[in-house]
Amino acid sequence: MSAVPVLSLLIFAPWLGAALLAGCPQLGPRSSRALAFAFSLTTLAVALWLLGSFDRASTGYQFVERHDWIAALHAHYHLGLDGFSLLLVLLVGILAPLSLLASWRQIPDPRFFSLLFLLLQGATLGVFLALDFFHWFIFWELSLVPAYFLIRLWGGAGSAGAAYQFVIYTVGGSAFLLLGFVAIFAATGTFDFVELARLGADGTLAARLAGLGGFWPQAVFLGVLLGFAVKVPLFPFHTWLPPAYAEAPTGVSMFLTGAMSKMGVYGFLRLLWPLFPGPLHAAAGPLLALALGGVVLGAFSAMRQTDLKRMIAYSSINHLSYCLLALFAVSAASGRSPPAGEAAAAAFSGTLLQVFNHGISAAALFYGVGLLEARAGGRRGLGDFGGVRAAAPVFAGLFGIAMFSSLGLPGLNGFVGEFLIFRGVWGLQAWAVPVACLGLFATAYFLLTFWQRVFHGPRAGAAAGDFPDVSGVDFAVLVPLVALMFLLGVLPQLLTGLFNPLITQWAGHLSLP
Amino acid sequence: MSLLPWTIFVSLAGALLAWAAGRRSARAARWTALVVTAGAWALTLLAATRFVPGPRLQTLVDLPWIPAMGIRCHLAVDGISLTLLVLTGLAATAAVLFSWNIRERAGEFFALLLTLVAGVYGVFLSADALLFFVFYEIAIVPKYFLIATWGSTNREYGAMKLALYSFAGSAMVLAGLLWVYAGGDGHGFGFAELAQTAAGLPRHQQIFVFALVFFGFATLAGIFPLHTWAPTGHVAAPTGASMLLAGVVMKLGAYGCLRVALPLSAVGFAFWQPTIAWLAVIGIVYAGLVALMQDDLKFVIGYSSVSHMGFVLLGLAAANAQGFSGAVLQMFSHGVIAGLLFAVVGRMIYDRTHTRRLSDLRALPLRRLLPFAAAVFVIAGIASMGLPGFSGFPAELTILIGAWKAAPVWAAIAALGVLVAAAFTLRAIQLAFFGSAPAPAGGTGAGAPAIHLEPITLAEKAGALLLIGATVLIGLKPDLLLDWINPALQSPLLQSVMKGGRP
C-alpha cells in the first residue's frame, strides 16, 4: 500500500479535467484547449514520476490500492501497476497530449471535444490499472462512450455508420466477455484478477469450469476470447476497424490506434493467457492461423487501398496481429519439453515492444495523413498527391522516418519489436515465420508505393498549388514521436528494462497445470 | 407505530387535497402533489435510516379485518419491500415533476396519480394476500382513467387493452388464491399460511394454482407473450403516468410473483420453472428485436421495458440468491431508468415537437435545440444498455450469475439480449438526436432553420437530475440496496423456494 493513491490520481486527473470543462460552459476555445492540455499532461508527469520510483527488479504489482467496494459481488476497488502496465501508461501519457494537440486546428468547439477526450484518456488508463473485473469492465465499456461521440460528432461523412458499427461490434464482444466472467464468478466467487490468475495457474479454475460439463467450459473460454479478439482486432473480427479509424478525426484516430487498440492486447496477456492456459494451448493452432491471417491479409488489404487513411488502418491490423502471433506461438509451445524459455522470452519482449512502438509509429502516420488531408481540402486518395517532397521537404522527412519505422527498418524503433517476435516465433513455431514474412513484404510494398506516389515525382494534385510545409503545431506533434523512434531504435533497453523480470517470470510459466 | 404505513394515508389524503386544490388552480394542484409525493418519499427514506435488515417481515400494523375468513389488515416490511418503497417515492416525485405542464383538469389528474401511488405503496407493504390484492386493484383503476383522459396516440385503445389485461391477470390471481383457501381448508391469507395450505393440495392442483397466480402476476410484469398491453399502454399514457407505469406498476407484477406466487407451491414452481425462464429469455431478446424495428420513439422505450423486465423474470426463475437479489435490484434500476427515458421522450421531446417519429426527429437538429434533453437521453440510454457505472449493470450482472448457476444456456441467451439492447438504444440515440446533417462550421450559422422550442424548465431539470443521481449512485454502490435485500432472502419462505420446497 502506498501512502498517496497515485494510481487513482493517474486515472482520475483527466476526469477531473473533464468535469472542470463540463462545469464551465462559458470557457473560450483558447482556455479550454489550455486546460485540457494541462490535464492531459498529468498522465505523462505522473508516469515519469512512477518511472523513477518503480522497482524494476520486482515482478509483482506495485503502488497497490485495494479497498472494499461491493460486498455482495466480492468486488474490490483494486489498482496495481507492473512493468507491462507502466509501459502502457507511458504510451498513453505520450500519445494523449499529442492527440489533443493534433486536434487543435481541426475542431471549432474544443471544449466538448476535449471533455470527451479526457474521459476517454481516463477510461483507457483505468483499463490498464484496474485489477478487479467489476471496475475494470466499467472502464472498458465506458471508454466506448466518448470514443463513439468523438467519431460520430467530428468524424467524416460516413461517421454515423462507422461509429455505430464500432460500438456494436465492441459491445457484442463485451457481452460474451461479460458472460465469460459471469461463469468464472459463478465458479470461483471472485472477480479479482490476481486471485483468478492464481486459480488459473494451478488449474483450479479449469477444474471448476469443467464441472459445467458439455460444451460450456469451452464456451466460457471462447466468450472471453471473443471480447478481446474484437478489440485488438483479431482477423476476422476486424471489419469495424478500417471505417472507424478512417472516419474519425485525426487526433482521435491517433489515440484509438495508438492507445485504445492496446486494450485488447492487454486483455489477452493480462487475462486470457493467465486464466485459460489450457484452452489457449488447445486452441493455439487455429488461433495462430487467424493471427497469420491478420498479418498477411491485413497487409495485402492495405496494399489494395487507395484511401491513405484506410491504408494505415489496415496496416494497424497487420502490426497488432504480430503481437497475437507471438502470444499464440508461446501458448502453442507451452507444456512442451524441453521448455522453450528463451524463445518465449524473446516473443514476449517483442510483443511488449511492438505494443509501444506501434503506438508511436501509427500515431505519427495517422497525423501525417491527417495533415495531407487538411492541406488537400479533405482529399486523401493515393492519386490526389504527387511531389509532396518538393513542396514540403521537412514534412516529407519526418513522415518518411515514421514510414520506415512502421516498416521495421533497423535503427528505428519498429525493427526491434518485430525482430524479437520473429526470433521468438522461430524458436516456437518455425513454420509460421515464412508465412508472416509475406506480410512484411506486402507492408514494404504498400508503404513504398505510398511514399513514391505521394512524395516523389513532380508536384501534382493537391501538392501542385499552395502546399505549406510543417508549422508550429505539426512540429510539436511529429518531432517528439520521431525522436522517440530514433531513441527506442537505438536504446530499446530503455523499455525492456521495465519489463524484463516480468517477461522472465512469464516465460518460466510455460508448464501447463 | 412506524412511519411507513403513513405513506399510504398521506398519498390518499394528498389525492383528496390535490383534487380540492385543482378546483382553485392547476398550480395549487401540482404543488400539492409535489409536496405530498416528496413527503411520502421522505418518509420512506427516514424509515430506511432506521431500518434494521433482517430475514423476516417486520410487522408494522396487524389488525383483524374480516375475522370470519381470517383476513387481516397486516402491513409489514422487509429489505425487498423497502427497496421498492423507496423506488416508489422517487418515481412518484419525478413523475409529478414531469407532469408540471398538465393544465387540463389538473386537480383530477394529480388526484388519480396520487391514488395510484397510494395503491402501490399499499401493495409493497401488504403481508396478507387479500389486502395485497385490494391495493393492487386500487393501483390499476386510476391507470385506466389517466391514460384514457390525458393520453395521446390511440389512448382509448391503449387504456382499454391495459385495463383488460390487468383485470384478466388479477382475476387469475384471485381465482388461484381463493382456490387455495377454499380447496385446501385454509385459515387465512398470510403468505406463509397460504403456502402451508397449498402444500396440502394434490400435485396437479398445485401446479394449476401456481400457474394461475404466477402468470396472473407475470402479465403485469410483461412476461412474453402476455406483454402486448405494455408498449401500447406506455405509448398512450401521459408522461407522468408512463413513468409510473413502467417505473413501479410493472414492478407490482414482479413483486407479486416473488412474494406471493413463488412461495405458494414448490411443486408448482418446479414444474413451471423452465417454462418461465424460457419465456423470460425469449422476452428479453424478442422485445429487444422489436424495439430495434420501431419508428415511434416511445414504442422503442416501451419494448425496451419489456426486455428489461425479462431480466427480472429470469432472475426470479433462476431461484437462487443471486437471481432474486439481482431481480429486486433490476426492479429498482429499471424503475429509475425507464422513468428517465419516458420523461425525455414524452415530456422533453413530444410536448415540444409534437412528434415522436424517428423519421421526423432525425430531420430536426434536436441536439442543438435541446442539448439538455440530448444529454439526459444519452445518459439514460447508456444506463439502459446496461453499461457499467449505472444501476442496470450490477443488476443484470447479478441476474446473469444467478441464471448461469441455474442453467448456462439461459444466461447465454440473455447476454445476447444485452447486445440487442445496445443496438436499439444506440439506434434511438443516433436517429433522435444525431440524425441531422452536422452543423456548418462555426455553429449557429444562418443556415439553421428557425425552430424555437420552449426551453427545458426547472422542474424537468430537477426531475432528471434526481433520477440520474439515483442510477449512478446505485451503479457505483449497489451495496446500499443489496444490504437490505440480501438478508431478506434468508426468510424461511424464500429459502424454501431456493431449496425447492425443502425447509
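The values are calculated or read from the model by the stated rules, or taken from the named source; none is laboratory data. Note that the coordinates shown come from a computational prediction; the quantities given were computed from them, not determined experimentally. Please note: Cβ atoms are built from the backbone with ideal geometry, for glycine as well, and neighbour counts cover all protein chains shown.
Odds and ends about this structure:
- Taking the criterion of being among the charged types (D, E, K, R) and surrounded by 15 or more Cβ atoms within 10 Å (Cβ to Cβ), the only residue of region A:454-468 that qualifies is A:Arg459.
- Here the condition is being closer than 29 Å to A:Thr250 by Cβ and touching a residue at least 24 places away in the same chain (Cβ under 8 Å); of A:Pro480, A:Pro501, it holds for A:Pro480 alone.
- Number of residues in region B:374-414 that are within 19 Å of A:His135 (Cα to Cα), out of contact with any Gly (no Cβ under 6 Å at 6 or more places or on another chain) and at the interface with chain A (Cβ under 9 Å from one of its Cβ atoms): the value is 8.
- Flag if A:Ser253 is among the hydroxyl-bearing types (Ser, Thr, Tyr) and either surrounded by fewer than 24 Cβ atoms within 10 Å (Cβ to Cβ) or closer than 30 Å to A:Ala160 by Cα (or both): yes
- Elements of type helices (runs of 4 or more DSSP H) in region A:131-242, at least 3 residues being farther than 30 Å from A:Asp109 by Cα and away from chain B (no Cβ under 11 Å): A:193-201, A:204-210, A:216-231
- Residue check: B:Ile456 meets all listed conditions (1) more than 7 Å from every other protein chain (Cβ to nearest Cβ); (2) in contact with a helix residue (DSSP H, G or I) (Cβ under 7 Å, 6 or more places away or on another chain); (3) at pLDDT 85 or above but one, namely (3).
- All positions within region B:143-154 that are within 16 Å of B:Met243 (Cα to Cα), in contact (Cβ under 8 Å) with a residue 24 or more places away in the chain and assigned to a helix (DSSP H, G or I): B:Lys143, B:Phe145, B:Leu146, B:Ile147, B:Trp150
- Summed over region B:95-142, residues that are in contact with a His (Cβ under 8 Å, 6 or more places away or on another chain) and not in a loop (DSSP other than H, G, I, E, B) total 3.
- The residues of region B:274-303 include none that are farther than 16 Å from B:Thr219 by Cα, polar (S, T, N, Q) and in a helix (DSSP H, G or I).
- Residue count for region A:457-484, restricted to those that are touching a Gly at 6+ places or on another chain (Cβ under 8 Å) and more than 18 Å from A:Arg379 (Cα to Cα): 3.
- Residue count, region A:153-189 (criterion: polar (S, T, N, Q), under 20 Å from A:Gly267 (Cα atoms) and touching a residue at least 60 places away in the same chain (Cβ under 8 Å)): 1
- Any chance A:Gly93 is within 16 Å of A:Leu125 (Cβ to Cβ), surrounded by fewer than 20 Cβ atoms within 10 Å (Cβ to Cβ), under 25 Å from the mean Cα position of the chain (by Cα) and more than 14 Å from every other protein chain (Cβ to nearest Cβ): no
- Members of region A:184-212 that are over 18 Å from A:Val127 (Cα atoms) and within 27 Å of the chain's Cα centre (by Cα): A:Ile184, A:Arg198, A:Gly200, A:Ala201
- Residues (within 30 Å of B:Lys477 (Cα to Cα) and either in contact with an Asp or Glu (Cβ under 8 Å, 6 or more places away or on another chain) or part of a helix (DSSP H, G or I) (or both)) located in region A:52-68: A:Gly60, A:Tyr61, A:Gln62
- Region B:474-500: number of residues that are in a helix (DSSP H, G or I), within 14 Å of chain A (Cβ to nearest Cβ) and touching a residue at least 40 places away in the same chain (Cβ under 8 Å): 11
- B:Ala374 vs. criteria of a type in the set (A, V, I, L, M) and over 21 Å from the mean Cα position of the chain (by Cα): yes
- Note on region B:33-65: residues that are without any contact (Cβ under 8 Å) to a residue 60 or more places away in the chain, β-branched (Val, Ile, Thr) and not in a helix (DSSP H, G or I) amount to 1.
- Any hit, region A:4-20, residues being part of a helix (DSSP H, G or I), closer than 21 Å to A:Leu484 by Cα and at pLDDT 85 or above: no
- Test: B:Val36 is aliphatic (A, V, I, L, M) and in contact with a strand residue (DSSP E or B) (Cβ under 8 Å, 6 or more places away or on another chain): no
Per-residue answers, yes or no, for (1) surrounded by fewer than 22 Cβ atoms within 10 Å (Cβ to Cβ); (2) in contact with a Ser or Thr (Cβ under 6 Å, 6 or more places away or on another chain):
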position	(1), (2)
B:His187	yes, no
B:Glu193	yes, no
B:His204	yes, no
B:Phe210	no, yes
B:Gly216	no, no
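- Total residues in region A:23-51, condition over 30 Å from A:Leu498 (Cα atoms), in a helix (DSSP H, G or I) and of a type in the set (S, T, N, Q): 2
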